[in-house]
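K.L.:
Please see the structure below; I have some questions.
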Amino acid sequence: MGIFVGNIMVDFKGKPKKFQRLKNKYRLVIVDEDTFEEKISLRLSQLNVFVVVGISSLVLILLVILLIAFTPLKEFIPGYANVNVRRQGVENFLKSDSIEVVLAENNLYIDNIKHIIQGDLIEFDDESFIDSTVNYKAIKNVPIEEDSVLRNMIETEEKYHLFNKAGSTPGNISSFIFLQPLKGTVTNRFNIKKQHFGIDVVAPKNEAIKATLDGTVIFAEWTVETGYVIQMQHSDNIVSIYKHNSVLHKKVGDHVKAGEVIAIVGNSGELSTGPHLHFELWYNGIPINPEDYMMF
């Protein structure tokens with residue numbers, strides 16, 4: 001039993017009659033058109049139909065979303081970019097950024113080389129050389145023995161580097177035939193690290209010292225440390241030096257033949273400890289070991 005409220009009939013329990021209609025059962029029958037035989041029969045209500053249709057729609061929408069999100073189909077939807085294209089774009093960006101950094105460093109290096117060649121001052125910016133991946137506080141600048149030896153050797157070579165074509169390995173000098181300036185025993189050998197640029201040859205007193213090559217005397221004087229010294233200029237920028245002599249037989253400007261007597265062995269000079277010859281051989285402004293080119 002119920003009453004009408006407006007156009008809606010409400011029963012005593014307060015439920016609208018239209019809501020009750022949703023629960024009304026209907027029969028869906030499918031029959032054969034010719035024989036009128038019943039094939040399928042379903043009992044449905046409006047509420048059941050709405051629930052089934054709603055759940056089916058939600059499932060369908062969820063399946064479509066999953067299909068698009070986890071399959072390549074999303075690439076065909078406007079607004080979605082290809083994953084490979086995005087990955088390639090990121091890689092290209094990183095490469096271009098690295099190339100830009102390297103290019104800036106190379107330009108800075110070239111500019112510094114230009115400043116060095118032109119003799120200009122180089123201004124260093126410490127901020128441009130800071131690497132965030134390096135712990136600079138943990139770096140300890142401790143000199144090592146090998147580095148000190150190498151620096152000393154290079155500085156010594158550069159100190160006597162007088163000619164532009166000078167090199168550490170003699171070239172045309174190997175074609176010369178050097179004569180032994182003095183026959184004796186080598187007591188102190190060539191050692192560029194100790195700045196001993198020649199060899200010390202011990203010989204009997206008053207032994208004659210001979211020119212090792214044809215050349216011209218460019219120095220023949222007394223010095224406090226090395227006594228009587230005579231120097232000769234030879235061809236191809238070769239210079240021979242003879243120190244601690246007792247007597248000099250040639251003067252500056254004399255042209256001397258190889259094997260000609262130029263001095264007498266002695267013990268002159270403060271650095272001498274006995275009768276001997278300190279013999280040096282220089283090529284293109286670089287001291288070389290005489291024992292590499294002659295026997296003593």
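K.L.:
Would it be correct to say that Val239 is hydrophobic (A, V, I, L, M, F, W, C), in a strand (DSSP E or B) and under 19 Å from Gly198 (Cα atoms)?
P.N.:
In short, yes.
K.L.:
For the range 188-226, which positions are more than 20 Å from Ile177 (Cβ to Cβ) and in a strand (DSSP E or B)?
P.N.:
Asn188, Asn191, His196, Asp200, Val202, Val217, Ile218, Phe219, Ala220, Glu221, Trp222, Thr223 - these are the residues of the range 188-226 that are more than 20 Å from Ile177 (Cβ to Cβ) and in a strand (DSSP E or B).
K.L.:
Now for a different question. Output the qualifying pairs, or none if there are none: Cβ atoms under 9 angstrom, residues six or more apart or on different chains, first residue in the range 257-271 and within 14 Å of Asp214 (Cβ to Cβ), second residue hydroxyl-bearing (Ser, Thr, Tyr).
P.N.:
Ala258/Thr212; Gly259/Thr212; Ile262/Tyr242
K.L.:
Where residues in the range 265-296 are in contact with a Leu (Cβ under 8 Å, 6 or more places away or on another chain) and of a type in the set (Val, Ile, Thr), which of them is farthest from Leu182 (Cα to Cα)?
P.N.:
The qualifying residue farthest from Leu182 (Cα to Cα) is Ile288.
K.L.:
Examine the range 242-256 for a residue that is surrounded by fewer than 18 Cβ atoms within 10 Å (Cβ to Cβ), among the charged types (D, E, K, R) and over 25 Å from Asn191 (Cα atoms), and state whether such a residue exists.
P.N.:
Yes.
K.L.:
Are any residues in the range 173-198 among the polar types (S, T, N, Q) and closer than 21 Å to Ser235 by Cα, and if so, which ones?
P.N.:
If the condition is that a residue be among the polar types (S, T, N, Q) and closer than 21 Å to Ser235 by Cα, then Ser174, Ser175, Gln180 are the ones that fit.
K.L.:
Take Glu127 and tell me if it is under 30 Å from Glu100 (Cβ atoms), modelled with pLDDT under 70 and in a helix (DSSP H, G or I).
P.N.:
Criteria met by Glu127.
K.L.:
Among Ser235, Ser246, which is within 23 Å of Tyr293 (Cα to Cα) and of a type in the set (Ser, Thr, Tyr)?
P.N.:
Every option except Ser235 fails the conditions.
K.L.:
Any residue at all in the range 217-236 that is under 19 Å from Phe296 (Cα atoms) and at pLDDT 90 or above?
P.N.:
no
The values are calculated or read from the model by the stated rules, or taken from the named source; none is laboratory data. Everything numeric in this text was worked out from a predicted model, so none of it was measured. Cβ: placed from backbone, ideal geometry, glycine included. Neighbour counts: every protein chain shown.
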